[in-house]
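Undergrad: Sharing a structure, written as structure tokens. Questions coming.
The values are calculated or read from the model by the stated rules, or taken from the named source; none is laboratory data. These numbers were taken from a predicted model, which means no experiment stands behind them. Neighbour counts run over all protein chains shown; Cβ positions are idealised from the backbone, glycine included.
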């Protein structure tokens, strides 16, 4: 069982996490949801299309202008409070690696802290424990936040992913984070080249076998673009193909830009796997 905020998700239920960027320089939407009203409209649309989680981020992942903890909080805290007011049932996640921001957004109503940088601030897990929030434990290859990998090498990339993510998850549980609120994430593109991310996808079943629920953040990422030689705005098909493979191999939560398309893919995979009945079944019955 996965329990986040007011929601409980059973073992066969795929969960969509919609990305809501509160940044002026996102690699994908270029600041389309930096202002409050477009961002709130994005939340409304994502929920209507089937997202159970909204993931709010105040700093883009890649290099760029410095964003202080104070500025990150300014971009996220009041917005979290407003989303909480408007949508009591939605799970609110915040993409941050800083414990100061984690504390402020939990006070405002966040249910989940999405630490994409692999525990670089060890106090973030302590914040999750103190507030009863969930925590995403990500493999980032040991790189500093907002830096790109350079000639990264692994003797066995999945072995390193398992060592780091399971280690972070077990530490979080020891600190008091609820076990049913902890997820592990292989960290596609983070501290990895394209071949590493492809191998992490291919071997995702090894993560699922640990018993910790697996979150994948695949949406329009560089490893998809390099694999197919496509720019950011032409990576949807590659993203959805990777999503289908990840679902078949046991991923539970999917952090995405395109909610409706992802939902169709996940429902199709679930039906093929026998976990979901077809929405309509008339063929050959008349």
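Undergrad: Determine if segment 222-238 includes at least one residue that is in contact with a strand residue (DSSP E or B) (Cβ under 6 Å, 6 or more places away or on another chain) and crowded, with 21+ Cβ neighbours inside 10 Å. Lay out the reasoning, then the answer.
TA: At the first step, the residues of segment 222-238 found to be in contact with a strand residue (DSSP E or B) (Cβ under 6 Å, 6 or more places away or on another chain) are none.
No, there is no match, as no residue in segment 222-238 is in contact with a strand residue (DSSP E or B) (Cβ under 6 Å, 6 or more places away or on another chain) and crowded, with 21+ Cβ neighbours inside 10 Å.
Undergrad: Conditions: (1) touching a helix residue (DSSP H, G or I) at 6+ places or on another chain (Cβ under 7 Å); (2) outside any loop (DSSP other than H, G, I, E, B); (3) more than 21 Å from residue 270 (Cα to Cα). Residue 188 meets all but one. Number of the miss?
TA: Single failed check for residue 188: (2).
Undergrad: Could you please find all residues in segment 133-153 being touching a strand residue (DSSP E or B) at 6+ places or on another chain (Cβ under 6 Å) and part of a loop (DSSP other than H, G, I, E, B)? Quick ask: steps written out before the conclusion?
TA: Taking segment 133-153 as the starting set, the residues that turn out to be touching a strand residue (DSSP E or B) at 6+ places or on another chain (Cβ under 6 Å) are 133-138.
Within segment 133-153, just 133 meets the criteria.
Undergrad: Please pick out the residue among 163, 178 that is in contact (Cβ under 8 Å) with a residue 60 or more places away in the chain and either surrounded by fewer than 16 Cβ atoms within 10 Å (Cβ to Cβ) or in contact with a strand residue (DSSP E or B) (Cβ under 8 Å, 6 or more places away or on another chain) (or both). It would help to see each step written out before you state the result.
TA: On the way: 163 fails: in contact (Cβ under 8 Å) with a residue 60 or more places away in the chain.
Only one candidate passes the filter, namely 178.
Undergrad: Give me a count of the residues in segment 44-72 that are surrounded by fewer than 23 Cβ atoms within 10 Å (Cβ to Cβ) and modelled with pLDDT of 95 or more.
TA: Looking only at that region, the number is 13.
Undergrad: Report yes if residue 129 is in a helix (DSSP H, G or I), touching a strand residue (DSSP E or B) at 6+ places or on another chain (Cβ under 9 Å) and under 19 Å from residue 72 (Cα atoms), otherwise no.
TA: No, not satisfied.
Undergrad: Still on this structure, I have one more. Return yes or no: is residue 206 at pLDDT 95 or above and touching a helix residue (DSSP H, G or I) at 6+ places or on another chain (Cβ under 7 Å)? Can you show your working first?
TA: Values: at pLDDT 95 or above: yes; touching a helix residue (DSSP H, G or I) at 6+ places or on another chain (Cβ under 7 Å): yes.
Taking the combined requirement at face value, the residue satisfies it.
So that you can scan it fast, the table gives a plain yes or no per residue for (1) farther than 19 Å from residue 140 by Cβ; (2) in a helix (DSSP H, G or I); (3) modelled with pLDDT under 95:
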position: 200; (1), (2), (3): no, yes, no
position: 219; (1), (2), (3): no, no, no
position: 230; (1), (2), (3): yes, no, no
position: 241; (1), (2), (3): yes, yes, no
position: 272; (1), (2), (3): yes, yes, no
position: 279; (1), (2), (3): yes, no, no
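Undergrad: Among the residues of segment 105-137, which ones are surrounded by 23 or more Cβ atoms within 10 Å (Cβ to Cβ) and more than 18 Å from the chain's Cα centre (by Cα)?
TA: 127
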